[in-house]
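Please read the structure below before turning to the comments.
The values are calculated or read from the model by the stated rules, or taken from the named source; none is laboratory data. Nothing here was measured: the structure is a model prediction, and the numbers come from that model. Note: ideal-geometry Cβ built from the backbone for every residue, glycine included; neighbour counts use all protein chains shown.
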Amino acid sequence: MFKKILASLGKGAATVDLQCGNRNYQARESIQGEVVIQGGEVKQKINQLTVRFMMNVVLKQGSVSKEVAQIPLVNRDCIHPKERKVIPFHYVLPMNIPISRGTVSYYLDTHLDIEGGVDRKDVDRLVIQSQKSIQSIFNAMDQLGFRETADSGKLDQYGQEFAFFPTQQFMGQVNEVEMRFANEESGIRVWMEVDCKSGYKEIEAKREFHLNQSVLEHEAGLEKLLVKYISEAIDQPYAFTQPFSYSTNHHHGRASQLGNAIPGMVGGLAVGVLGSMLFTEMMDGFDVEEMFEEATEDLDGGFDSFFDNGDGES
């Protein structure tokens, strides 16, 4: 009887431990592991055993953790004294999951609900790495002397944006290069914004293009292509001021502020997981003057440019 009382308070009770051989994953890979329940001093009833895949995001209003998926493993069971139960589990990561960065991190939260006792928990950190094709773009930018900014990888109402600053050949010409990616059948769709220096002001040149798999697999060719796109933006920034295709609906007020993420866009999963939090984040950075300038540029460009989805490259 005394042991049961202690177990109900957590002493001598069953314990739970999630064991996962790998801690680094990429989109569409399967997280595989097992949950080990170790019986304590007395028999205990298990109400439920679940593993939750959690995303932690740092926003302007603070850090927040949201559930991406819940993996139920056990309902209504019991664990005997000193008994060891091993329950395998797996979870396939979504294609559009955000990549781990300073503002985005992940963990598995294992919860053992014990009837009449103290629930047991186990937390295990995971890292979501960029897939090989996107990592090749990061590598190419690195070879060109670009480095990621401290807030690179931040999330917004469309997905995840990566930002780079120059340290070599483009210093003095470019303040920053921002990029987004989407998986397509034959390669990667890239949205690139080059913040070009022009006298005392900055011009945002927008480039949209597709990189096929053969280009992504050849480092030298990929570097030359990125140099070409960036150099053209620097030379003719006003030729690339049309809004990006992913933002066209939002830009012209034809859809809601959220839920417009393009299928396959890296980080698009966050739109559904974080929802209104991203809307609040967007409104915190709302710039009326910038919005007015963008609207004026659209009108100056005429109706043809107003409905143009990009710079016409594919």
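Quick notes on this structure:
- Inclusion of residue 115 among residues that are at pLDDT 95 or above and not assigned by TED's automatic domain parsing to the domain that holds residue 183 is not warranted.
- As a summary of the residue check, residue 163 satisfies the conditions (1) closer than 26 Å to residue 28 by Cα; (2) touching a residue at least 24 places away in the same chain (Cβ under 8 Å) except for the one numbered (2).
- Whichever residue in the range 132-159 is farther than 24 Å from residue 28 by Cβ and outside any helix (DSSP H, G or I) and, among such residues, is nearest to the chain's Cα centre (by Cα): 151
- Residue match in the range 207-224 (condition: part of a strand (DSSP E or B) and closer than 16 Å to residue 163 by Cα): yes
- Identity of the residue in the range 61-101, loosely packed, with under 12 Cβ neighbours inside 10 Å and among the basic types (Lys, Arg), that ends up farthest from the chain's Cα centre (by Cα): 82
- Among the residues here, residue 178 qualifies as in contact with a strand residue (DSSP E or B) (Cβ under 8 Å, 6 or more places away or on another chain) and among the acidic types (Asp, Glu).
- Exclusive hit being outside the structural domain of residue 102 (by TED's automatic domain parsing), of a type in the set (Lys, Arg) and surrounded by fewer than 19 Cβ atoms within 10 Å (Cβ to Cβ), set 180, 147: 147
- For beta carbons closer than 8 Å, sequence separation of 6+ or different chains, a first residue in the range 137-149 that is of a type in the set (Lys, Arg) and a second that is buried (at least 16 other Cβ atoms within 10 Å of the Cβ) and modelled with pLDDT of 95 or more, the qualifying pairs are 147/164; 147/165.
- Near pairs, Cβ below 8 angstrom, 6+ apart or cross-chain, from the range 185-209 (touching a residue at least 12 places away in the same chain (Cβ under 8 Å) and aliphatic (A, V, I, L, M)) to any residue that is surrounded by fewer than 17 Cβ atoms within 10 Å (Cβ to Cβ) and part of a strand (DSSP E or B): 188/210; 190/210
- Number of the exception - residue 227 against (1) surrounded by 19 or more Cβ atoms within 10 Å (Cβ to Cβ); (2) assigned to a helix (DSSP H, G or I): (1)
- Conditions (1) part of a strand (DSSP E or B); (2) farther than 20 Å from residue 103 by Cα; (3) among the charged types (D, E, K, R): number failed by residue 178: (2)
- Top-ranked residue in the range 228-255 [being within 26 Å of the chain's Cα centre (by Cα) and at pLDDT 95 or above; ranked as nearest to residue 184 (Cα to Cα)]: 229
- Pairs where the first residue, in the range 14-31, is under 24 Å from residue 264 (Cβ atoms) and the second is among the charged types (D, E, K, R) and crowded, with 16+ Cβ neighbours inside 10 Å, C-beta under 7 Å, 6+ apart: none
- Residue match in the range 27-39 (condition: farther than 18 Å from residue 131 by Cβ, in a loop (DSSP other than H, G, I, E, B) and of a type in the set (S, T, N, Q)): no
- Residues being outside any strand (DSSP E or B) and of a type outside the set (S, T, N, Q) - total across the range 95-129: 10
- Residue within the range 231-239 that is in contact (Cβ under 8 Å) with a residue 12 or more places away in the chain, small (Gly, Ala, Ser) and part of a strand (DSSP E or B) present: no
- Taking the range 146-174 as the range and being within 13 Å of residue 99 (Cα to Cα) and hydrophobic (A, V, I, L, M, F, W, C) as the test, the residues that pass are 155, 162.
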